[in-house]
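The values are calculated or read from the model by the stated rules, or taken from the named source; none is laboratory data. Just so you know, these numbers come straight off a predicted model, no measurement behind them. Note: ideal-geometry Cβ built from the backbone for every residue, glycine included; neighbour counts use all protein chains shown. Only protein heavy atoms, including side chains, enter the accessible area calculation; ligands, DNA and RNA are left aside. Shrake-Rupley method; radii C 1.70, N 1.55, O 1.52, S 1.80 Å.
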Amino acid sequence: MEAVAAETKAYRPLLIVSSYNNSEFIFSKDKTLKFPFSGMQWLEEVVIQYGASLQGRMDSFCHLTNAHQKPCILISEQTMNMYFPIRGKDNPENVFVYFNKVMNIQQTKNNHTRIYFGNGYSYEVSCDYRTVKSQMKRCDQFIHTVMQNKKDLVIDFREIYH
């Protein structure tokens, strides 16, 4: 799994579709990889490479957004790349969406949502449009809060040393 996390570092999957301990990593219409581990296990391996724990990332997200369920996961504070889950973190059948590559979402029939990515790929999730829209709004809120906190920290240090 470490090799997969390192290999996909520069080229993150748009979606991670997990079913218990198996995952499908979708990069584009033509590139999909399957692995014998869950999306949560992969995310845990990736965030640890940036000096954080998966639980710490989720706790931080919940704290800064006042969220109580479906915490989104910041991969790196430097790039601000994030994934958001469609279902709760403990659900063994989940879809993780690469927030930074989503261009648009559209409500479809049967309470599903079509997600459009920057590379032209689209994927339909069995999730209500309002849930996906809410997850994206919370990702925006989280990124804004973290960026503002970084800015405030720089100002505070400047005040101390001047």
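Seen against the Cα atoms of the chain and their longest principal axis, helix 54-65 is set at about 70 degrees.
Heavy-atom accessible area for Met82, with the other protein chains in place and a 1.4 Å probe, reaches approximately 0 Å². Over all other residues within a Cβ to Cβ distance under 12 Å of Ala67, the charged ones net out to +3, with Lys and Arg as +1 and Asp and Glu as -1. When Phe61, Phe35 are compared by accessible surface with a 1.4 Å probe, the order from highest to lowest is Phe35, Phe61. Counting only alpha carbon atoms, the long axis of helix 129-161 and the longest principal axis of the chain meet at about 20°. The Cα center of region 49-74 and the Cα center of region 94-115 differ in position by 21 Å. A 1.4 Å probe run over the chain, with the rest of the protein chains in place, finds 58 Å² accessible per residue. Solvent exposure of His112, expressed as accessible area, is near 50 Å², computed with a probe of 1.4 Å over the protein chains only. Counting only protein chain heavy atoms and rolling a 1.4 Å probe, the accessible areas of Lys29, Lys133 rank, largest first, as Lys29, Lys133.
Every helix of 4 or more DSSP H residues in the chain counts as -39500 (n - 2.57), and over all residues that averages to -12500 deg cm²/dmol at 222 nm.
Relative to the longest principal Cα axis of the chain, at what angle does helix 39-48 sit, 0 to 90 degrees, rounded to 10? Taking the Cα atoms of the chain, the angle to 39-48 is about 30 degrees.
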